[in-house]
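Colleague: Pasting a structure below so you can have a look.
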Amino acid sequence: MRQAHQITTMLDMPGLKALLTVAEFGTVHAAARHLQLSQAALSRRIQRLEADLGIRLFLRVGRRLHLSEAGQQLLPGLREHVDAIEGAIRRAQQETHYGRPTVSFGCLPTLGTALLPLALRDFEKRRPGVFVRIVDNSAPDLLRLVQNGTTDFAVTQLGIPEPGLTHDLLGEDRFVLVVPAGHKLAGQRAVTWQELRGLPLIAPGPLAGYRRVLDDARRETGENLSWRYEVQRISTAIGLVASGVGATVVPRLSVPPEYGSRMATIDLEGPHLARRIGILRRAGEPLSPPAEALRRMLAARIRNALSTPAAVETEAEVSAATDPPPTHAMSDRSPRVAALRRGKR
């Protein structure tokens, strides 16, 4: 039997990535396409890894590959360590960009339009010359990017706490009705869900992060809302409302300020829906000084925009990027269930 130190010297990252990818996709064809390799090249990597380890990793059933018992024992720990190695390499590479300090962070696209320009403008004044890489993506993707070390942190919608991550809750982003300027409801401060009946509504597609929240609201209220259109991005829904096509229900911070004269936002009553906005980062891993400074600035801006009772910063405090006060511990309840419960109070 090979000694542990001998096995370690024979392992190579391409072979380990091949194992993880075939395990994920189930076929050599799909895994090879994902890795942009030929099927023969990928098969050779798996065979070489099996030879190095002295164990069989896969069993073929028809056209699919299934992990052997040994492969199943190896996979969880292997995935964790490969992610850690790749994350460490990325962080080392991203520490500088063309000789400049670098910050990489993730952000929901719906938070980027209004808040990012203000925070980045302040950051440039206080930290000139820092290269900033912004990854605007969905909440599940942002979670994965923080976990594997691709980004320093992420401004995103918080769900159930994940092991190994710090969840800094910044506040709740309430859902609002958005109608074209001049609409019969445009002058109202708030409306009930019943008043949405018959409106030509623009719905989010099934892959949109907040679709489930709206589906739960429909079941909770018993209202059969008239979804006339379906889009995949909030920005598309907002653009259609601004053009007078219909109305939509979206988180308040997703409404760009430049559309203010072309549409109206109206509070929704019973149930009150909200998404929990916060910052994800890796627990026990300090951020670089530029990344920490930008994190504070973004947190201050978002807290100020959400006007949470626990932390309402003045413009001077936002510009100074002071540390936000400690946040409350995250609940293990589903955020969409909690949102619906708040509507019953």
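Quick note: the coordinates plus some simple rules give every number you see, no bench work behind them. Keep in mind it's a predicted model, so treat the numbers as computed, not measured. Glycine gets a Cβ as well: all are built from the backbone with ideal geometry, and neighbour counts include every protein chain shown.
Colleague: Once amide H atoms are placed 1.01 Å from N in the peptide plane, what residues at a sequence separation of 5 or more from Leu67, or on another chain, have their amide H within under 5 Å of its amide H?
Modeller: Hits under the 5 Å cutoff: Leu59.
Colleague: Which value, in debye to the nearest 20, gives the size of the charge dipole of segment 172-274 about its Cα centre, when Lys and Arg are +1 and Asp and Glu are -1 at the Cβ?
Modeller: Roughly 220 debye for segment 172-274.
Colleague: Could you state the orientation-averaged shadow area of the convex hull built on the Cα atoms of segment 4-91, in nm² to one decimal?
Modeller: 5.8
Colleague: So, one more: If you filter segment 106-156 for chymotrypsin sites (Phe, Trp or Tyr not before Pro), then keep DSSP loop positions with at most 13 other Cβ within 10 Å, what is left?
Modeller: none
Colleague: Stretched out fully, how many nm does the piece from Arg133 to Asp12 gain, at 0.36 nm a residue minus the Cα gap? Could the numbers behind the result be given before it?
Modeller: Numbers: separation 121, 0.36 × 121 = 43.56 nm, distance 2.94 nm.
Once the chain is fully extended between Arg133 and Asp12, it gains 40.6 nm.
Colleague: Sorted by packing (mean other beta-carbon atoms within 10 Å per residue), highest first, where do 166-176, 195-205 land?
Modeller: Numbers: 166-176: 20.9, 195-205: 17.4.
Packing proxy ranking, top to bottom: 166-176, 195-205.
Colleague: For Leu118 paired with Asn148, estimate the spin-label separation in nm (one decimal), with each label point 7 Å from Cα along the Cα-to-Cβ line.
Modeller: Rounded to a tenth, the inter-label distance reads 3.4 nm.
Colleague: May I ask for the equivalent-ellipsoid semi-axes of segment 109-184, computed as the square root of five times each C-alpha gyration tensor eigenvalue and listed largest first in whole Å? Write down the numbers at each step before the final one.
Modeller: Numbers: eigenvalues 137, 88, 25 Å².
Its equivalent ellipsoid spans semi-axes of 26, 21, 11 Å.
Colleague: Mind grabbing the base-10 log of I(q)/I(0) for segment 172-274 at q = 0.10, 0.14, 0.20 Å⁻¹? Debye formula, identical points on the C-alpha positions, no solvent, two decimal places.
Modeller: Once normalised to I(0) and log-transformed, intensities are -0.22, -0.45, -1.00.
Colleague: Another question, if that's okay. Between Arg262 and Arg219, with labels modelled 7 Å along Cα→Cβ, what's the label distance in nm to one decimal, could you check?
Modeller: The modelled label-to-label distance comes out at 3.6 nm.
Colleague: At a threshold of 8 angstrom on Cα-Cα distance, excluding pairs fewer than six apart, so keeping six or more, what relative contact order does segment 4-91 reach in percent?
Modeller: Relative contact order, segment 4-91: 28 percent.
Colleague: Need the full-extension length gain, Thr192 to Glu162, defined as separation in residues times 0.36 nm minus the C-alpha distance. One decimal, nm.
Modeller: 7.3 nm
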